[in-house]
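The values are calculated or read from the model by the stated rules, or taken from the named source; none is laboratory data. From a predicted model like this one, the values you see are computed outputs, not experimental measurements. All Cβ positions, glycine included, derive from the backbone under ideal geometry; neighbour counts span all protein chains shown. Side chains included, ligands, DNA and RNA excluded: accessible areas come from the protein's heavy atoms. Shrake-Rupley method; radii C 1.70, N 1.55, O 1.52, S 1.80 Å.
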Amino acid sequence: MSSLRDDGALALEWVASYLERVREQPVLSRVEPGAIRAALPPAPPEEGEPFSALLDDLDEILLPGLTHWQSPRFFAYFATTGAEPGVLAELLIAGLNQVGILWRTSPALQELEELTVDWLRQLVGLPAEFRGHIEDTASTGVLGAVVVARSLLPDRRVLVCSEHAHSVADKAARILGLELRKVPADDAFRLRPDLLEPDDACAVVATIGTTGMAAVDPVPEIAERCAASGTWLHVDAAYAGSAAILPELRAQFAGWERADSIGVNPHKWLGVPMDCSVLWTRREDDFRQAFSLVPEFLRSPDDAVNLSEVSIPLGRRFRALKLWAVLRCYGRVGLERRLREHVRLAELFEGWVREERSWEVTAPRHFSLVCFRYDGSDEENERLLERVNDSCEVFLSHTRFAGRYQLRLAVGNFRTTEEDVRVAWDVLRREAATL
């Protein structure tokens, strides 16, 4: 290995070049299973190799095996843009290599984390009583919240959510040995509070921005029922939560301030590189009671609550640095501009679908997700999606609701333009004409 400066310059140039040309890359990887591994040596090298050799293999072997989440034509699932300030912050994070097991092992890590999640709290309009920390993903956040709920109500062995809730609720219930009860949704795909019976549940998971169709559960009514039964309420806003920064969308989040815990993923729609999921709670003492475990070798005289005492992991990365970088470099105005543009592009695409014969919008559009389908059978829509993705010009995903196969287009990449969305629509119509 040569010097960090020389190799670092090569790596930075590679990343900058990649981001400049990512729009031209085939969005979806088309390699066969096992192809990447077969192209690499089965055993580690005996002698060290230059870093430049790694970059060569990155170009020649690994790049064909990448699905390009950074592509502005990635419209599947939900985008996870790594914006430039966050990318550079990841380099600083790795270079500093902090391990936040206690406040004293990295005071800057903990205090910056406390600060940045509070900055984000202010941006999305949550009350000051909420305290937060950063998890890797919403899966960990939901699991942590349900652990706390179960510790408070150990005799209640039920977890409740909507039939359209994310599978993280299923996984949390499986891990904790809870019964999962799913509540039917209304015609707008929202949990029906009149069918919600939380009296025997330790927790209810309500969703703002469901994965399938970005539906918004009626959180005020759900919160009322949870309060009456003493049931923990967690609001999963992993995708949509960032949209609360926009004043014109704040009404979609009515009632979430009554939740006991809330999850939002800045790595989904806020330009922060994977992984960065914020978990807020207004009951931090309950989290500490559930998770605080300080063995002798970690005891210290510091007058500080360690973040490891309010979450599942002991060690934590310096994730706050990349959230801090994005919030500082874009500011409220810059983030509002990008989120608002994504909503506009989704609305534009929705209009194209509505105006075209043989196509239909199949769910109310919330935020930057459009659910739609071609006027044909489920098999035809499935075949259409396969052809669109096989073109590698764009990448879309699907879901199922209302008993039908549905197509999804989710706008969320900071680099996506109107032209990119137009390309997606042109590819969809072109491939539909061949069915």
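Quick one: would you say ARG422 is open to solvent by 10 Å² or more (accessible area, probe 1.4 Å), assigned to a helix (DSSP H, G or I) and of a type outside the set (A, V, I, L, M, F, W, C)? Spell out how you get there, then give the answer.
Values: open to solvent by 10 Å² or more (accessible area, probe 1.4 Å): yes; assigned to a helix (DSSP H, G or I): yes; of a type outside the set (A, V, I, L, M, F, W, C): yes.
So ARG422 fits the description; yes.
Taking the condition of being in contact with a Leu (Cβ under 9 Å, 6 or more places away or on another chain), under 21 Å from MET274 (Cβ atoms) and in a helix (DSSP H, G or I), how many residues in region 89-144 meet it?
21
Residues of region 299-335 being open to solvent by 30 Å² or more (accessible area, probe 1.4 Å), out of contact with any Ser or Thr (no Cβ under 9 Å at 6 or more places or on another chain), outside any loop (DSSP other than H, G, I, E, B) and in contact (Cβ under 8 Å) with a residue 40 or more places away in the chain, which ones?
Scanning region 299-335 gives ARG328, CYS329, TYR330, ARG332.
Every residue in region 362-393 that is of a type in the set (A, V, I, L, M) and under 24 Å from ALA238 (Cα atoms), please. Let's see the steps before the verdict.
In the first step, residues of region 362-393 are kept if they are of a type in the set (A, V, I, L, M); the result is 363, 369-370, 384-385, 388.
Selection gives ALA363, LEU369, VAL370.
Could you please find all residues in region 145-190 being in contact with a Cys (Cβ under 8 Å, 6 or more places away or on another chain) and in a helix (DSSP H, G or I)?
Those that are in contact with a Cys (Cβ under 8 Å, 6 or more places away or on another chain) and in a helix (DSSP H, G or I): VAL146, ALA149, ARG150, LEU152, ALA169.
Within region 381-399, track down each residue that is open to solvent by 40 Å² or more (accessible area, probe 1.4 Å), within 20 Å of ALA346 (Cα to Cα) and touching a residue at least 24 places away in the same chain (Cβ under 8 Å).
Start the filter on region 381-399 by keeping residues that are open to solvent by 40 Å² or more (accessible area, probe 1.4 Å), which leaves 382-383, 386-387, 390, 393, 398.
Still in the running and within 20 Å of ALA346 (Cα to Cα): 393, 398.
GLU393, the sole residue that qualifies.
Do we find that LEU233 is over 19 Å from the mean Cα position of the chain (by Cα), assigned to a strand (DSSP E or B) and surrounded by 24 or more Cβ atoms within 10 Å (Cβ to Cβ) in this structure?
Judged against the criteria, LEU233 is a match.
Name every residue in region 133-192 that is surrounded by fewer than 21 Cβ atoms within 10 Å (Cβ to Cβ), basic (Lys, Arg) and over 19 Å from the mean Cα position of the chain (by Cα), in order of residue number.
ARG157, ARG174, ARG181, LYS182, ARG192 - these are the residues of region 133-192 that are surrounded by fewer than 21 Cβ atoms within 10 Å (Cβ to Cβ), basic (Lys, Arg) and over 19 Å from the mean Cα position of the chain (by Cα).
Conditions: (1) among the small types (Gly, Ala, Ser); (2) more than 27 Å from LEU249 (Cβ to Cβ); (3) touching a helix residue (DSSP H, G or I) at 6+ places or on another chain (Cβ under 7 Å); (4) open to solvent by 50 Å² or more (accessible area, probe 1.4 Å). GLY100 meets all but one. Number of the miss?
(4)
For region 368-380, does any single residue satisfy the condition of being out of contact with any Gly (no Cβ under 6 Å at 6 or more places or on another chain), of a type in the set (A, V, I, L, M, F, W, C), modelled with pLDDT of 95 or more and open to solvent by 10 Å² or more (accessible area, probe 1.4 Å)?
no
For ARG5, indicate whether it is more than 21 Å from THR416 (Cβ to Cβ) and open to solvent by 60 Å² or more (accessible area, probe 1.4 Å).
On the way: more than 21 Å from THR416 (Cβ to Cβ): yes; open to solvent by 60 Å² or more (accessible area, probe 1.4 Å): yes.
Yes.
Taking the options VAL353, VAL361, name whichever one is of a type in the set (Val, Ile, Thr), more than 20 Å from GLY82 (Cβ to Cβ) and over 25 Å from the mean Cα position of the chain (by Cα). Give the derivation first.
Details: VAL361 fails: over 25 Å from the mean Cα position of the chain (by Cα).
Answer to the check: VAL353.
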